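Report on the following structure.
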């Protein structure tokens, strides 16, 4: 079964930023007729201004080389905006399963016959592996094969054309990482007071080049750093720290073969390589009773990133610490990410973990007990213990931008309209821009309440609180 891509992965396939922007506008059901999908392909007719619609078919079955595209439009860009738009609609669950249209069936049959005629014999496995064992393959960033390795069960090995595509992608990513590092060096050489740093077009151009190099996660980070320029009087410190982290990722991603496996996996994710969903589900799960502790949403251009935070409510850790997990979903305008589990719900299930320096992002596998509403608060710890756990996580993945915390604390004013949460062990400032301060203060009544939220460099962002046997989303 082929893995359904995420919107972020789809946009990273765009040949340039203009095609990616155009695809977002086409990723709506009203632009398509007879759209359908199955385990290997997605297809549809784009309703164009011309007399005849454009027939689009996408082969998703090639895990090594990536999707293959067929579109009857005159564009010379591959993939074109129509193919990306249909794939983006599919990534947002906007395409229903259906029997293949004739043109899609013919396209897939041609692809299958071509693949069978170019299979590499089993005896050539050693030479193929040797050809892909260089530093350039490690760049892709190091262990690209871990997320999309050929299946040896059926002896279906990559042919030279596939190996070349994989090598070309590795070189494209290497070039993008090297260009990022040169750009960072130029910014430091010119100084943070340089007018070029405040010119948003420079940041946008860099992000577009990283997307072209299939370093989508780094491109998103560049845009977030650009928003920090001039944000407050101490913005220089924040931007300098972010530039240093991007330098670490740009250099580390080119040498992942020399890093520990967990750290290398974390670098892969931070630069833009994602593990296949089937590979994640094949890992050993953690079975527990999970509480849906909170949901946060952030906007990055026209993409909404939704994080659903789960914690193990029956952790066997003698210290009382809970196990955190993050479910990630993406949405675009007109097809926003839907919330699969309501905040406060409890359910027992297997969670499978994505690789990385810390186990945080996960996928829900088999559900043993269906979700049911609950008003029982998760285990809350002191602010000192929560910050200590956050510190250990950041030490293992320095590029980590947010981490979950659940604390028992009292809202306390800081002055100038700012508030903090405090307990006998310390305090944490509430992030600027938090819009539910009044609800938080009034619901607490001046007493300590259980609050779950995200800790970041901007402060603590409350997401959920438990008070008077109620679950309150903030």
Query raised in the report: With 424, 462 as the choices, which residue is modelled with pLDDT of 90 or more and either in the same structural domain as residue 324 (by TED's automatic domain parsing) or more than 30 Å from residue 399 (Cβ to Cβ) (or both)?
Result: 424
Report task. With the condition kept exactly as written, say whether any residue in the range 185-203 is under 29 Å from residue 393 (Cα atoms), under 19 Å from the mean Cα position of the chain (by Cα) and part of a helix (DSSP H, G or I). Result -> no
Query raised in the report: Any idea which of 275, 315 is under 13 Å from the mean Cα position of the chain (by Cα) and either assigned by TED's automatic domain parsing to the domain that holds residue 93 or modelled with pLDDT under 80 (or both)?
Result: 275
Report summary line: Residue hits (the range 457-474; farther than 21 Å from residue 416 by Cα and assigned to a strand (DSSP E or B)) are 463, 464, 465, 466, 467, 470, 471, 472, 473
Requested in this report: For residue 86, work out the one condition from (1) at pLDDT 85 or above; (2) over 30 Å from residue 279 (Cα atoms) it doesn't fulfil.
Outcome: (2)
Report summary line: Exception for residue 435 within (1) in contact with a strand residue (DSSP E or B) (Cβ under 9 Å, 6 or more places away or on another chain); (2) in a loop (DSSP other than H, G, I, E, B); (3) without any contact (Cβ under 8 Å) to a residue 12 or more places away in the chain falls at (1)
Requested in this report: Restrict the check to the range 328-345 and report whether at least one residue is part of a loop (DSSP other than H, G, I, E, B), at pLDDT below 80 and over 18 Å from the mean Cα position of the chain (by Cα).
Outcome: yes
Query - Matching residues, the range 428-447, being over 21 Å from residue 292 (Cα atoms) and surrounded by fewer than 17 Cβ atoms within 10 Å (Cβ to Cβ) - result: 429, 432, 433, 435, 437, 438, 441, 442, 445, 446, 447
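Results for (1) surrounded by fewer than 19 Cβ atoms within 10 Å (Cβ to Cβ); (2) within 26 Å of residue 67 (Cα to Cα); (3) at pLDDT 85 or above, shown as yes or no for each residue.
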position: 162; (1), (2), (3): no, yes, no
position: 167; (1), (2), (3): yes, yes, no
position: 172; (1), (2), (3): yes, yes, no
position: 179; (1), (2), (3): yes, no, yes
position: 182; (1), (2), (3): yes, no, yes
position: 191; (1), (2), (3): yes, no, yes
Query raised in the report: Within the range 236-291, can you find the residues that are touching a helix residue (DSSP H, G or I) at 6+ places or on another chain (Cβ under 8 Å) and free of Cβ contacts under 8 Å to residues at least 24 places away in the same chain?
Result: 242, 252
Query raised in the report: Of all residues in the range 89-124 being at pLDDT below 85 and in a loop (DSSP other than H, G, I, E, B), which is farthest from residue 37 (Cα to Cα)?
Result: 121
Query raised in the report: Any residue in the range 27-49 that is crowded, with 20+ Cβ neighbours inside 10 Å and under 20 Å from the mean Cα position of the chain (by Cα)?
Result: yes
Requested in this report: Filter the range 224-244 down to the residues that are surrounded by fewer than 17 Cβ atoms within 10 Å (Cβ to Cβ) and part of a helix (DSSP H, G or I), then identify the one that is nearest to the chain's Cα centre (by Cα).
Outcome: 224
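The values are calculated or read from the model by the stated rules, or taken from the named source; none is laboratory data. Keep in mind the model is a prediction, meaning the values are calculated, not measured. As a convention, Cβ positions derive from the backbone with ideal geometry for all residues, glycine included, and neighbour counts pool all protein chains shown.
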